[in-house]
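Worksheet: the structure to be examined is printed underneath.
Throughout, read-outs are computed from the coordinates displayed, never taken from laboratory work. The model shown is predicted, which means the values in this text are computed figures rather than measured ones. Heads up, the Cβs are rebuilt from the backbone with ideal geometry, glycines too, and the neighbour counts pull from every protein chain shown.
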Amino acid sequence: MSDPGIPCEPCSVGPPGDPEGEPILRLEGVETVLEGKKVLDHIDLDVPRNRITAIIGLSGAGKSVLLRHMIGLMKPDRGRVLLDGADLMKYSRKELFEVRKRFGMLFQSGALFDSLDVFENVAFPLREKTNLDETGIRERVRVILRKVGLEGSEEKFPDELSGGMVRRVALARAMVMDPEIILLDEPTTGLDPIIRNSILNLICRTYQDHKFTMVMISHDIPDIFHWCHHVVVVHGGKVIEAGSPEAVRNSTNPFVRQLVEGDIHGPVQLM
Amino acid sequence: MLFRVAEWLGGKALGATRRLGRTGVFLSSAVRNAVVPPYRGREIVKQIHFIGVKSLFVIVLTAAFTGMVLSLQGYYTLRKFGSEGLLGAVVALSLIRELGPVLTALMVTGRAGSALTAEIGIMRIGEQIDSLETMGIDPVRFLVAPRFVAALVSVPLLTAIFDVVGIYGGYLVGVKLLGLDPGQYFGHMRSSVELVDVINGVWKSIAFSLLIVWVCTFKGFFTERGAEGVSRATTSAVVISSVLVLVGDYVLTSVLL
């Protein structure tokens with residue numbers, strides 16, 4: 001395996017194929033109003049199991065809100081969020097905390113704990129949610145840090161890390177509990193092209209190794225079409241296109257065309 | 001027009017009710033998590049150090065000068081009536097009944113309360129609280145409950161220290177500077193201060209500590225809109241806590257007297 005910290009050849013996640021059985025996550029008629037504005041407008045969406053799903057769209061389209069609904073951080077005003085057929089909103093708070101063990105999440109900012117070093121940030125979920133002894137925790141963290149190319153950085157604090165390193169630590173923390181689903185909120189935004197590629201490679205290799213279900217918000221168009229099995233286009237709080245990368249790339253929807261081609265002329269007028 | 005006014009008023013009332021409900025739910029959740037095991041012992045000790053030990057200097061300083069100025073003012077006022085011998089009792093009763101609990105609470109609000117709000121607020125805007133939630137960790141149990149326990153332990157102890165230092169500050173001015181007899185200073189104090197005064201002071205300090213930690217953690221926990229939001233939350237936490245301490249002092253005094 002090449003060093004995930006440096007750019008390498010394009011990583012393939014394999015053909016889209018058929019999702020294995022029922023979708024792991026399903027959103028049905030999800031509507032959410034925030035401060036009088038409808039940010040999600042009747043969203044119907046399936047997240048295929050063991051596949052990488054990319055959510056793309058303009059800033060402010062409702063992508064992050066959508067991701068937060070998937071893990072129960074936000075409750076919809078209407079509609080249902082189903083995880084393996086069970087409505088997340090029907091769980092008690094305590095039950096929801098248990099359900100979230102199935103998830104790992106990488107936040108846009110990394111959301112690392114400032115007062116903890118890299119090692120302790122990654123070890124944190126293990127200390128809080130497992131009965132592993134210190135040796136077990138050290139071994140698990142060591143393996144996961146090697147995977148993300150951060151061996152030797154264990155004692156650094158978040159303010160000593162570069163943007164790319166922060167995302168890698170956050171990804172390590174999201175993976176350390178061996179979740180079934182990993183949600184990634186703009187893992188490459190604000191990074192230079194080399195670091196961005198290294199993060200995308202890392203995500204790809206993580207998928208190859210573990211076959212997690214991954215949902216990733218991204219602005220890396222058109223690169224994202226090489227990295228995922230399923231693409232969802234969100235605009236104005238609505239899903240306006242969803243399907244294989246090929247299907248989305250060939251969509252005739254004028255907004256999708258403009259987004260895919262990065263054209264300044266189209267239905268979205270910025271100036 | 002009338003309909004719009006009614007709609008506006010209704011909206012405001014609903015918003016206020018929602019906020020009040022959220023505040024109550026937050027308090028009950030924090031108290032429940034503080035009382036029900038497992039306890040986060042190390043975090044509680046760390047917070048006692050932050051709220052209690054690190055406030056010690058400012059408390060001692062405030063207490064010493066409060067006692068000294070009380071003694072100075074009290075001496076010249078009492079001398080007009082030939083009762084300067086009662087100075088010790090006046091200083092001690094003022095401190096134990098009112099000034100100790102109130103000034104300690106205000107000092108803790110300014111020093112530790114604002115920091116609690118800012119710390120939790122920064123965690124909120126930095127998505128660290130959301131991150132805890134996604135890991136299946138209750139942020140109220142993890143962040144708020146230890147601070148509740150620490151405040152409930154620290155503030156009454158700081159109040160006791162405030163009272164003692166204040167009394168000795170008064171002693172310094174009354175006895176050492178103004179020449180009052182030390183026996184008189186402590187003798188009248190002993191005969192005037194009753195156990196109920198001390199107990200009432202303790203009750204007040206417990207109530208104030210609950211108010212401070214409730215308001216400050218709540219404001220931090222629900223911080224919105226970036227750095228400006230943290231600044232706004234911190235300011236309002238300090239203002240609301242301070243006002244509530246003063247209002248609470250009046251209410252408690254009327255109930256306890």
Just order A:105-117, B:190-202 by mean Cβ neighbour count inside 10 Å, highest at the front, would you? A:105-117, B:190-202
For A:Met105, list long-range residues whose amide hydrogen, built 1.01 Å from N in the peptide plane, is under 5 Å from its own amide hydrogen. A:Leu183
Karplus couplings for segment B:78-88 from phi (6.51 cos²θ - 1.76 cosθ + 1.60, θ = phi - 60°), rounded to Hz, Gly and Pro as x? 5, 5, 4, 9, x, 10, 4, x, 7, 3, x
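Let me make sure I get this right: for segment A:42-261, a, b and c are the square roots of the gyration tensor eigenvalues over alpha carbons, sorted descending. Under 1.5 in a/c it's rounded, otherwise prolate if a/b > b/c, else oblate. Which is it? Please report the intermediate quantities before stating the final value.
Working: a/c = 2.05, a/b = 1.36, b/c = 1.50.
Since a/c reaches 1.5 but b/c is at least a/b, the shape of segment A:42-261 is classed as oblate.
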According to a simple spin-label model (label point 7 Å from Cα along Cα-to-Cβ), what is the distance in nm between B:Ser192 and B:Ala6? 6.1 nm
Which residues qualify? For A:Ile52, with a placed amide H closer than 5 Å and at least 5 residues away or on another chain, they are A:Met214, A:His229, A:His230
Full-stretch length increase - A:Thr135, A:Glu35 - with 0.36 nm per residue and alpha-carbon distance subtracted: 31.2 nm
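Rank these for me by crowding, B:Met1, A:Met89, going from fewest to most other beta carbons within 10 Å.
Values: B:Met1 5, A:Met89 14.
The most exposed by this proxy come first: B:Met1, A:Met89.
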³J(HN,Hα) across segment B:112-118 via Karplus (A = 6.51, B = -1.76, C = 1.60, θ = phi - 60°), whole Hz, x for Gly/Pro? 9, x, 5, 5, 4, 4, 5
Could the peptides B:99-107, B:44-52, A:27-35 be put in order, highest first, of the mean number of other beta-carbon atoms found within 10 Å of their residues? B:99-107, B:44-52, A:27-35
To the nearest 10 degrees, the tilt of helix A:193-210 (Cα long axis) against the first principal axis of the alpha carbons of chain A is 80 degrees
Average beta-carbon neighbours from other chains, 10 Å sphere, peptide A:71-80: 1
Run down the lysines and flag those whose C-alpha is under 27 Å from the C-alpha of A:Lys94, throwing out any fewer than 8 positions away in its chain. A:Lys63, A:Lys75, A:Lys129, B:Lys46, B:Lys219
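Looking only at the protein assembly as shown, where both bridge partners belong to it, what percent of the DSSP beta bridges are antiparallel (to the nearest 5)? Mind showing how you got there, number by number?
Working: 19 of 36 bridges.
Rounded to the nearest five, the antiparallel share is 55 percent.
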With angles folded into 0 to 90 degrees, how steeply does helix A:134-147 sit against the dominant principal axis of chain A? Use alpha carbons for both and round to 10. 50 degrees
Expressed in angstrom and rounded, the centroid-to-centroid distance over alpha carbons for segment B:9-85 and segment B:234-257 is 9 Å
Roughly how crowded by other chains is peptide B:124-132, in terms of the mean Cβ count from those chains within 10 Å of each of its Cβ atoms? 6
Check A:Leu40: other-chain or 5+ apart residues with amide H under 5 Å from its amide H, H built from backbone geometry? A:Thr32
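Mind checking the full-extension length gain between A:Ser162 and A:Ala86? Use 0.36 nm per residue of separation minus the Cα-Cα distance, one decimal, nm. If you can, show how the numbers build up before the last one.
Values: separation 76, 0.36 × 76 = 27.36 nm, distance 3.95 nm.
Gain in length upon complete extension: 23.4 nm.
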Tell me whether segment B:1-87 comes out rounded, prolate or oblate; compute the Cα gyration tensor, take square roots of the eigenvalues as a ≥ b ≥ c, and use a/c under 1.5 as the rounded threshold. oblate
For chain A, the dipole about the Cα centre with charges only on Cβ (Lys and Arg +1, Asp and Glu -1), to the nearest 20 debye, works out at 500 debye
About the Cα centre of the protein assembly as shown, what is the dipole size in debye to 20, counting +1 per Lys and Arg Cβ and -1 per Asp and Glu Cβ, all else neutral? 1500 debye
In sequence order, what are the phi-derived ³J(HN,Hα) couplings for segment B:249-256 according to the Karplus relation 6.51 cos²θ - 1.76 cosθ + 1.60 with θ = phi - 60°, rounded to whole Hz, with x for glycine and proline? 4, 5, 4, 5, 4, 5, 6, 7
Please compute the Cα-Cα pair-distance distribution of the protein assembly as shown with 10 Å bins starting at 0, giving whole percents from short to long. 4, 15, 22, 20, 15, 10, 7, 4, 2, 0
What is the mean number of Cβ atoms from other protein chains located within 10 Å of the Cβ atom of each residue in peptide A:129-140, rounded to a whole number? 0
Estimated distance in nm for a label pair at B:Arg225 and A:Asp209, the labels positioned 7 Å out from Cα along Cα-to-Cβ: 4.3 nm
